[in-house]
Amino acid sequence: MVERRVTIGWSEGLHARPASIFVRAATATGVPVTVARAGGTPVNAASMLAVLSLGAQGGEEIVLASPAEGPEATGAAEAALERLARLVSEGLDELPETV
């Protein structure tokens with residue numbers, strides 16, 4: 001299991017437009033990813049309804065995780081979570097080329 005903790009950089013949190021950007025980025029990784037509020041139940045990061053159901057606010061910490069096993073899968077998961085963490089922490093308005 002690979003995990004990253006990150007603080008949400010979007011002032012409105014993971015709602016509407018930011019959630020849409022995040023979900024598209026999570027889907028584009030090609031790696032199974034979950035997202036949860038700190039201490040909360042993880043949900044599928046590729047599901048818009050699941051991400052919106054978190055109610056995560058700007059400035060709040062979330063946990064990104066991937067159930068990777070083996071060196072190759074772990075490397076891909078670490079790279080995917082790094083890109084997603086950057087997207088969330090910087091509160092980017094659009095998908096960066098690297099996601």
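Ignoring ligands and nucleic acids, what accessible area does S53 show with a 1.4 Å probe (Å², nearest 10)?
For S53, solvent-accessible area is about 90 Å².
Hey, what do the phi angles of segment 65-76 turn into as Karplus ³J(HN,Hα) couplings, whole Hz, using 6.51/-1.76/1.60 and θ = phi - 60°, x for Gly and Pro?
Once θ is set to phi - 60°, the couplings for segment 65-76 become 8, 9, x, 6, 10, x, x, 5, 5, 5, x, 5 Hz.
How much length would be gained if the chain were fully extended between A50 and D93, taking 0.36 nm per residue of separation minus their Cα-Cα distance, in nm to one decimal?
Computed gain between A50 and D93 is 13.4 nm.
Going by accessible area, probe 1.4 Å, with all protein chains left in place, what is the ranking of E82, E61, largest first?
Descending order: E82, E61.
Pop a pseudo-label 7 angstrom from the Cα along the beta-carbon direction at both Q57 and T7 and give the gap in nm to one decimal.
So the two model labels end up 1.5 nm from each other.
Two-decimal Rg/Rh of the chain from alpha-carbon positions, Kirkwood Rh?
Here the Rg-to-Rh quotient is 0.93.
The values are calculated or read from the model by the stated rules, or taken from the named source; none is laboratory data. Everything numeric in this text was worked out from a predicted model, so none of it was measured. No Cβ is skipped: glycine too gets one built from the backbone with ideal geometry, and neighbour counts run over all protein chains shown. Only protein heavy atoms, including side chains, enter the accessible area calculation; ligands, DNA and RNA are left aside. Shrake-Rupley method; radii C 1.70, N 1.55, O 1.52, S 1.80 Å.
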